[in-house]
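Taking it in order: structure first as structure tokens, then the write-up.
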Amino acid sequence: MNGDELPEYRVVRSKRRTLELRLHPDHSLEVRAPRRIRDADIRAFVASRRDWIARRLREMPVPAPAPRLVDGAGHLFLGRRIPLRILSESRNSIHFGNDAIEIRLPEPHSEERVARVLEEGYRRQARSRMADWIDLHFPWFRARGHECPRLRVKKMKTRWGSLSTRGYINLNMALMKVAPECAEYVVVHELCHLEEANHGPGFQRLMDLHLPDWRTRRDQLNQSPLQ
Ligand SMILES: [Zn+2]
């Protein structure tokens, strides 16, 4: 990135007033923009942030290729990389142990079938762990008159979580790959949106109240490998 050359970026327009840059773990760059802003203004905005983008890219972990879905390949679980153990059994099952992720399934052990069992395992783990963190942090919000949002675990490409106005807390299944304190941070972040729609000073005060070290957790999350 030098001279007049700009990094590649995609533009997502929505009902918002300001421009925002997002760098994703795969190093892709996204500009969130108001609906009616001109392309030239978006380009100028990206150009004005060129140094910042270059610096952030240098700090971010290099995206790794996805690990294979074969016996012995290392996969992330709760922030640690542990090997898959693939065993033959008539029924599918998965167990996340301390030293291995044990997957049992009938032969042949095609990567596609292993992927399905692994994904279902991550999903079940996410449902149960996220529900526990919601139970842990929700009482304060209940006392403020909020209804407990219903949990939905999803595969999401560009966000860790969101809180819908229709009463759902959506959390990314990939949070099972990062350290538990980072996943908990996302749960608390979304719960705080029950009180505060944006990320202003009121929101930050709430985060300070519920999770005093949230900034450290957020930074750790942003640096976490996902593959
Ligand atoms: Zn938020």
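A few notes on this one:
- Among the residues listed as Thr165, Thr158, the single one being within 14 Å of the ligand (Cβ to nearest atom), farther than 30 Å from Val62 by Cα and either basic (Lys, Arg) or out of contact with any Pro (no Cβ under 8 Å at 6 or more places or on another chain) (or both): Thr165
- Residue that is nearest to Ser110 (Cα to Cα), among those in the stretch 55-83 that are in contact (Cβ under 8 Å) with a residue 40 or more places away in the chain and assigned to a strand (DSSP E or B): His75
- Selected residue (only one of Leu29, Leu69, Leu19 is in contact with a helix residue (DSSP H, G or I) (Cβ under 6 Å, 6 or more places away or on another chain), closer than 19 Å to Pro225 by Cα and not assigned by TED's automatic domain parsing to the domain that holds Ser88): Leu69
- Flag for Ile101 being over 24 Å from Leu209 (Cβ atoms) and buried (at least 19 other Cβ atoms within 10 Å of the Cβ): yes
- Close pairs (9 angstrom Cβ cut-off, 6 or more residues apart or separate chains): under 20 Å from His75 (Cβ atoms) in the stretch 173-196, hydroxyl-bearing (Ser, Thr, Tyr) and buried (at least 20 other Cβ atoms within 10 Å of the Cβ) anywhere: Met173/Tyr122; Ala174/Tyr122; Met176/Tyr122; Lys177/Tyr122
- Residues within the stretch 185-219 that are assigned to a helix (DSSP H, G or I) and either within 14 Å of the ligand (Cβ to nearest atom) or at pLDDT 95 or above (or both), tallied: 23
- Ile86 vs. criteria farther than 30 Å from Asp219 by Cβ, in contact with an Asp or Glu (Cβ under 6 Å, 6 or more places away or on another chain) and not in a loop (DSSP other than H, G, I, E, B): yes
The values are calculated or read from the model by the stated rules, or taken from the named source; none is laboratory data. Please read these numbers as outputs of a predicted model, since none were measured by experiment. Cβ sites come from the backbone with ideal geometry, for glycine too, and all protein chains shown count toward neighbours.
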